[in-house]
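**Student:** Let me give you the structure first, and then I'll get to my questions.
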Amino acid sequence: MSQKKADPNNKVAAENRKARFSYEVIDTVEAGLVLTGTEVKSLRQGQANIQESYASAEDGEIWLINSYVPEYLQGNRFNHEPRRRRKLLLNKREMARLAQSVEREGMTMVPLKIYFNDKGRAKLLLAIARGKKLHDKRETEKQRDWNREKGRLLKERG
């Protein structure tokens, strides 16, 4: 069998692990990010945080708001603002579909992860999601615990 080498470009820079617990993900879209040079270098170090961030449609564009990309240590005066708004790169049809689902259907745009693709470009996996109620969250927790217990039982028997 041929083993796949771990590509240094194709790595996750930031992941929102709580998003799938708090939201019911309906659809996902891959979007590009408009970044400065120091932001890219800081993302490659993998210290970004998108836990409290969200995306918003304003003036026909989609913006990533409240994401934290720390300042690059060697960036001196050319450094970026850590919590600035970042523009997302999508085609017009995708932007219109996202804006429509947020306005009409009451959905929300939640970033799931920022990663580098095969070409070394920073991409954002953006989810169109609906918020879960408390009982849905409990059901998710119950299902996760049962799957964990089932794996233990199968491991003991076989």
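**Student:** Among the residues of the stretch 24-53, write down those that are surrounded by fewer than 17 Cβ atoms within 10 Å (Cβ to Cβ) and closer than 20 Å to GLY131 by Cα.
**Tutor:** GLU24, VAL25, ILE26, ASP27, THR28, GLN51, GLU52
**Student:** Right, something else. List every residue pair whose Cβ atoms lie under 9 Å apart, where the two residues are 6 or more positions apart in sequence or sit on different chains, the first residue falls within the stretch 137-155 and is within 25 Å of VAL25 (Cα to Cα) and touching a residue at least 24 places away in the same chain (Cβ under 8 Å), and the second residue, located anywhere, is among the basic types (Lys, Arg) and surrounded by 10 or more Cβ atoms within 10 Å (Cβ to Cβ).
**Tutor:** Note: pairs meeting the criteria are THR140/ARG20; THR140/LYS132.
**Student:** Can you give me the number of residues within the stretch 54-68 that are in a loop (DSSP other than H, G, I, E, B) and surrounded by 12 or more Cβ atoms within 10 Å (Cβ to Cβ)? Show your work before the answer.
**Tutor:** The initial filter retains those residues of the stretch 54-68 that are in a loop (DSSP other than H, G, I, E, B), namely 59-60, 66-67.
Imposing the further condition that a residue be surrounded by 12 or more Cβ atoms within 10 Å (Cβ to Cβ) reduces the set to 66-67.
Matching residues across the stretch 54-68 total 2.
**Student:** Would you check which residues across the stretch 74-100 are assigned to a loop (DSSP other than H, G, I, E, B) and exposed (fewer than 10 other Cβ atoms within 10 Å of the Cβ) and list them? Don't jump to the end; show me each part of the working.
**Tutor:** The initial filter retains those residues of the stretch 74-100 that are assigned to a loop (DSSP other than H, G, I, E, B), namely 74-75, 79-85, 90-91.
Across the stretch 74-100, the qualifying residues are GLN74, ASN91.
**Student:** Any idea which of GLU71, GLU39, GLU103 is charged (D, E, K, R) and in a loop (DSSP other than H, G, I, E, B)?
**Tutor:** Details: GLU39 fails: in a loop (DSSP other than H, G, I, E, B); GLU103 fails: in a loop (DSSP other than H, G, I, E, B).
Answer to the selection: GLU71.
**Student:** Does the stretch 116-133 contain at least one residue that is without any contact (Cβ under 8 Å) to a residue 60 or more places away in the chain, over 15 Å from VAL25 (Cβ atoms), of a type in the set (S, T, N, Q) and not in a helix (DSSP H, G or I)? Before you say what the answer is, go through the steps one by one.
**Tutor:** Going residue by residue through the stretch 116-133, those that are without any contact (Cβ under 8 Å) to a residue 60 or more places away in the chain are 133.
In the following step, the residues that additionally are over 15 Å from VAL25 (Cβ atoms) were identified as 133.
Okay, now just the ones that are also of a type in the set (S, T, N, Q), so none.
Taking every residue of the stretch 116-133 in turn, none turns out to be without any contact (Cβ under 8 Å) to a residue 60 or more places away in the chain, over 15 Å from VAL25 (Cβ atoms), of a type in the set (S, T, N, Q) and not in a helix (DSSP H, G or I).
**Student:** Separate question: Quick test for you: out of GLU149, GLU103, pick the one residue that is surrounded by 10 or more Cβ atoms within 10 Å (Cβ to Cβ), of a type outside the set (Lys, Arg), at pLDDT below 90 and more than 15 Å from the chain's Cα centre (by Cα).
**Tutor:** Details: GLU149 fails: at pLDDT below 90.
Going through GLU149, GLU103 in turn, just one is surrounded by 10 or more Cβ atoms within 10 Å (Cβ to Cβ), of a type outside the set (Lys, Arg), at pLDDT below 90 and more than 15 Å from the chain's Cα centre (by Cα): GLU103.
The values are calculated or read from the model by the stated rules, or taken from the named source; none is laboratory data. Values in this document were obtained by computation on a predicted structure and should not be read as measured data. Ideal geometry is used to build each Cβ from the backbone, glycine not excepted, and the neighbour counts take in all protein chains shown.
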